[in-house]
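Report on the following structure.
The values are calculated or read from the model by the stated rules, or taken from the named source; none is laboratory data. Everything numeric here is computed off the predicted structure, so don't read it as measured data. Glycine gets a Cβ as well: all are built from the backbone with ideal geometry, and neighbour counts include every protein chain shown.
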Amino acid sequence: MRLSIPTILISSLLLLLFSGCSKEPEIPKKFKINPTLPVVKINGHISDMNAIAFEWKPLNDPKVSGVYVYRTSGTEKDGKLHRIYAVNNPLATHYVDTTVQPDTAYKYRFSSFNKEGEESRAGKTIDAATLKLLESVSFFNSAESLPRSAKLIWRPHTNLKVEHYLLQRKIHNSDKEFKTIAKIKGRLNAEYIDTGLKDNKIYSYQLKAVTYDGIVSKPSNIVRVSTKPLPKAVHGLAATSSKPKKIILSWKASPQKDIAYYKIYRSSRSGGGFKYYVKLHDTSYTDMVDEDGKTYYYKVSVVDKDELESPLCDAAKGSTLARPAAPVITHAIIKDNSARLHWNSSDKRTVRYIVIKTTKLGWLDKKTAEINVKREQQFTDVNVVPGRQYVYQVVGVDKDGIRSLPSNEHELMLEANPN
């Protein structure tokens, strides 16, 4: 690779950048010296992190075909020189070595060569070193405890060559190595919000700056971010089973300060099938159910202001008040032109009774009436017509108006007068 360096720039920096001579290292044995070829005289060199540029005086000799470049590896302690490049143009006076590593010392030597491959006497050995690796940003930090995200901020890099940043992440105590998750273009960009993270996890981040020519800086300081945990589950959920046509739920208030609301889930079976039912801000709820003895299972969660929802609590079983037990007709007769009924009721909730009287008017025609009876467990029906068939049942009613199922049926008929 060749790069033209203005002579005036080399001249102005020569005193600062010229590294001088050192003890000459060993020269490769397989070469032929032509003493008539001009010796390469280096004006100076300029170092970067990933390149070292050299300039030499023009070689005004028609025998010269170019310049050989020798260099140490940067790792060998014996300082052995290896030919690394041939500048195949006698008019060239510059060479840029881009195969070097940052913060590494090298030794160079240059010699001219002719078309037969003969070399001049070696010039002076030059000590040169690449610059230290680019430091990362001077400030790198984060905002703590965000819901399922991490906000990373940093101070823009002062090096004007920085073209973008590489943000790297690993899960604490899980990932072994950092992985690049984002490329943030622009030196002045100084923020990144990492979303889609898991709740209550610790993530580690580091930032690297990258220059336009591909130099990657050292990693920044490591920043650890803890995502916000889910709210804790609700405790103390209870559901009633003694209320008519309703189930009252109650639970303990969440001690968390940023609670937004609660969510109730309901299912008709204990083993699963819970579906979202209602949300509210109180710690109690009345579920109106227009069915007696209906059972539901409930779970409750709490949601915070960031819409993070707690795990569902343990299920609570609730039910509406069941029907009273049905009465049992024990005696039903026709006497003194009346229908007389007696029944028993084992349910103490029953406060009154309803006698259901069905009059059969024809083969398919009938009429039904309900007759209220107070607490007595007997009833005499004087409104019976001879020759007509009647069916009686009794229903128990509690103080809330909940009716039992009808009792057993009894058919009665007042015989017609044969006269």
Being assigned to a strand (DSSP E or B) and either surrounded by 21 or more Cβ atoms within 10 Å (Cβ to Cβ) or free of Cβ contacts under 8 Å to residues at least 24 places away in the same chain (or both) is the filter here, so list the residues in segment 72-82 that pass it. none
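Is it fair to say ALA129 is surrounded by 15 or more Cβ atoms within 10 Å (Cβ to Cβ), within 30 Å of SER65 (Cα to Cα) and under 53 Å from the mean Cα position of the chain (by Cα)?
Details: surrounded by 15 or more Cβ atoms within 10 Å (Cβ to Cβ): yes; within 30 Å of SER65 (Cα to Cα): yes; under 53 Å from the mean Cα position of the chain (by Cα): yes.
The answer is yes for ALA129.
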Go through segment 184-198 and count every residue that is loosely packed, with under 11 Cβ neighbours inside 10 Å and closer than 19 Å to THR211 by Cα. 3
Are any residues in segment 206-237 exposed (fewer than 15 other Cβ atoms within 10 Å of the Cβ) and over 30 Å from HIS172 (Cα atoms), and if so, which ones? TYR212, ASP213, HIS235, GLY236
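Quick grid of which residues meet (1) out of contact with any His (no Cβ under 7 Å at 6 or more places or on another chain); (2) modelled with pLDDT of 95 or more; (3) within 30 Å of THR211 (Cα to Cα); (4) surrounded by fewer than 17 Cβ atoms within 10 Å (Cβ to Cβ):
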residue	(1), (2), (3), (4)
VAL40	yes, yes, no, no
HIS45	yes, yes, yes, no
GLU55	no, yes, yes, no
LYS63	yes, yes, no, no
The number of residues in segment 137-176 that are exposed (fewer than 13 other Cβ atoms within 10 Å of the Cβ), farther than 16 Å from TYR203 by Cβ and hydroxyl-bearing (Ser, Thr, Tyr) is 2
Flagged in segment 241-283 as within 17 Å of LYS317 (Cβ to Cβ) and hydroxyl-bearing (Ser, Thr, Tyr), in numbering order, are SER241, SER242, SER250, TYR265, SER267, SER268, SER270, TYR277
Given (1) of a type in the set (Ser, Thr, Tyr); (2) on the phi < 0 side of the Ramachandran plot; (3) not assigned by TED's automatic domain parsing to the domain that holds LEU59, identify the lone condition not met by SER120. (3)
Would a scan of segment 175-196 turn up a residue that is more than 21 Å from LEU134 (Cα to Cα), among the aromatic types (Phe, Trp, Tyr) and under 20 Å from the mean Cα position of the chain (by Cα)? yes
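Residue by residue, here is whether (1) of a type outside the set (Ser, Thr, Tyr); (2) more than 25 Å from THR104 (Cβ to Cβ); (3) in contact with a Phe, Trp or Tyr (Cβ under 8 Å, 6 or more places away or on another chain) holds:
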position	(1), (2), (3)
LEU131	yes, no, no
ARG148	yes, yes, no
ASN159	yes, no, no
GLU163	yes, no, yes
SER204	no, yes, yes
GLY214	yes, no, no
